[in-house]
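So the structure is just underneath, and the comments pick up after that.
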């Protein structure tokens, strides 16, 4: 005869649940005298904070519970005990305007352990913490197996051994597996806890979605819309013609309420046609004379179209040297520059370009970004520096003439996304410029890449353009998914680096 299927239900506690709750508490705390909450306790906590009291039912019977309060943690600090937190079991410590969800109890009836019901309660508590925008869950955790080892090791040594899985503790092992970390050891935390010798661990789970309630009008976005311009190289008679084409794309992309628009590397090369009679090195220096007027144009468009613009790159003369630079033109009117660090052999021999010396992230109203120009994305050290600075979206303007050149950039860009747990958006030029030396043909397929984990596309590609066709690509990326990846990903390449074995030093 088959066992009857069991039904599990998770919901908020009701006062009518008290008798079943009491029976489960008595069984869960058999070794404790008079350890269960009285009915007046439950009535009081339900009046103060009903949404914070959660029960799990099996076939309609209450078999476990998680009870919580909201507290202003600064009033208690890390040195407190259970009587302090519950205000001598009156729960008057509950503060609806507090910043921490404090777990005061969690238990499962012994007959129903092994079904991961405790994990369900903890997941519900985490969801509540996020929904209420509280910065953390904190609890004092018993260490009931410590009494067996107290003559041999200190509480701190015991905790370290449990962390390393050399010892098992029914409470602490569970807490650690649910992403709580130990802040410190508390002595005299819970009177009467003989199994723990009244020691406890101060445990914390941080809400990665917490936002301070500063009531700012312009809060940082979590879902960011990116527009990529796959730019067609074509003959342009003058700067005004180039400006018309730039504005066309900005107008089109901003019409979709995009936060960023990315242009490719050296997209302004058509203006070199008038200098084709000169040596390549002289022609590109003539092109650099347009860079500042184009930058001013971009800054104006960024404000008038309410969009942050990554201007691709353009040649720029500085102190007699030729650099490959671009600009982040923010929609608030500010701008900053970035430089190509690594210069290709072709750029060096034909144009006499030199590499820049500065690499950094940029703060925007839609996340922290970085920019690596084409060849730079093939050097993983640069993106690692940006990752250490907290980059969320890495933009890669590029220019490649052949498919194998494009393949190098594409695969390296995708690798940077995976290893640095960030989004990478790349945009390039297509078409040809028969009247511009050293800029004859282009090959591109613009794309947005993602890390490789369950929350992202299976192939790590969010979207990609049609190869060698002028077009725009509009893509939404969710920055909250990066937070989840950093903390709970299947692998965590940022946090798991062996910094005890090797480090990356940025010398500037």
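The values are calculated or read from the model by the stated rules, or taken from the named source; none is laboratory data. Just so we're clear, the structure is a prediction, and the values are computed from it rather than from any experiment. Every residue, glycine among them, receives a Cβ derived from its backbone with ideal geometry; neighbour counts consider all protein chains shown.
Taking into account only those residues within the range 121-146 that are without any contact (Cβ under 8 Å) to a residue 60 or more places away in the chain and exposed (fewer than 15 other Cβ atoms within 10 Å of the Cβ), which is nearest to residue 107 (Cα to Cα)?
Ranking the qualifying residues of the range 121-146, first place goes to 123.
What about residue 112, is it surrounded by fewer than 22 Cβ atoms within 10 Å (Cβ to Cβ) and either closer than 20 Å to residue 24 by Cα or at pLDDT 95 or above (or both)? Write out each step before concluding.
Working: surrounded by fewer than 22 Cβ atoms within 10 Å (Cβ to Cβ): yes; either closer than 20 Å to residue 24 by Cα or at pLDDT 95 or above (or both): yes.
So residue 112 fits the description; yes.
Conditions (1) closer than 30 Å to residue 233 by Cα; (2) modelled with pLDDT of 90 or more, marked per residue:
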position	(1), (2)
450	yes, yes
462	yes, yes
465	yes, yes
491	no, yes
500	no, no
Against the definition (touching a residue at least 60 places away in the same chain (Cβ under 8 Å), more than 25 Å from residue 260 (Cα to Cα), over 15 Å from the mean Cα position of the chain (by Cα) and surrounded by fewer than 14 Cβ atoms within 10 Å (Cβ to Cβ)), how does residue 435 come out, yes or no? yes
I'd like to know if the range 260-269 contains one or more residues that are farther than 18 Å from residue 329 by Cα and at pLDDT below 95. yes
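For the range 398-427, which residues satisfy the criterion of being assigned to a strand (DSSP E or B) and touching a helix residue (DSSP H, G or I) at 6+ places or on another chain (Cβ under 7 Å)?
Within the range 398-427, the subset assigned to a strand (DSSP E or B) is 398, 423-427.
Those that are assigned to a strand (DSSP E or B) and touching a helix residue (DSSP H, G or I) at 6+ places or on another chain (Cβ under 7 Å): 398, 423, 424, 426.
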Every residue in the range 367-382 that is within 17 Å of residue 313 (Cβ to Cβ) and crowded, with 22+ Cβ neighbours inside 10 Å, please. 369, 370, 371, 372, 373, 374, 375, 376, 377
Restricting attention to the range 115-157, report how many residues are under 17 Å from residue 176 (Cβ atoms), touching a strand residue (DSSP E or B) at 6+ places or on another chain (Cβ under 9 Å) and not in a helix (DSSP H, G or I). 8
Identify, from the list 278, 266, the residue that is within 17 Å of residue 347 (Cα to Cα) and surrounded by fewer than 22 Cβ atoms within 10 Å (Cβ to Cβ). 278
Within the range 349-364, considering residues that are assigned to a loop (DSSP other than H, G, I, E, B) and in contact (Cβ under 8 Å) with a residue 40 or more places away in the chain, the one farthest from residue 286 (Cα to Cα): 359
Do you know which of the residues in the range 233-251 that are touching a strand residue (DSSP E or B) at 6+ places or on another chain (Cβ under 7 Å) and at pLDDT below 95 is surrounded by the most Cβ atoms within 10 Å (Cβ to Cβ)? 233
Quick one: which strands (runs of 3 or more DSSP E) sit completely within the range 167-285 and have at least 2 residues that are closer than 21 Å to residue 326 by Cβ and more than 31 Å from the chain's Cα centre (by Cα)? 223-233
Of the residues 112, 102, only one is touching a strand residue (DSSP E or B) at 6+ places or on another chain (Cβ under 7 Å) and within 24 Å of residue 40 (Cβ to Cβ); which? 102
Is it the case that the range 45-55 has a residue that's surrounded by 13 or more Cβ atoms within 10 Å (Cβ to Cβ), out of contact with any strand residue (DSSP E or B) (no Cβ under 6 Å at 6 or more places or on another chain) and farther than 21 Å from residue 118 by Cβ? yes
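Yes/no matrix, rows are residues, columns are (1) farther than 19 Å from residue 415 by Cβ; (2) touching a residue at least 60 places away in the same chain (Cβ under 8 Å); (3) in a loop (DSSP other than H, G, I, E, B); (4) assigned by TED's automatic domain parsing to the domain that holds residue 228:
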site	(1), (2), (3), (4)
451	no, no, yes, yes
458	no, no, yes, yes
469	yes, yes, yes, yes
477	no, yes, no, yes
480	yes, yes, no, yes
504	no, yes, yes, no
Condition broken by residue 332, with the remaining ones in (1) under 21 Å from residue 246 (Cβ atoms); (2) in contact with a helix residue (DSSP H, G or I) (Cβ under 7 Å, 6 or more places away or on another chain); (3) in a loop (DSSP other than H, G, I, E, B) satisfied: (2)
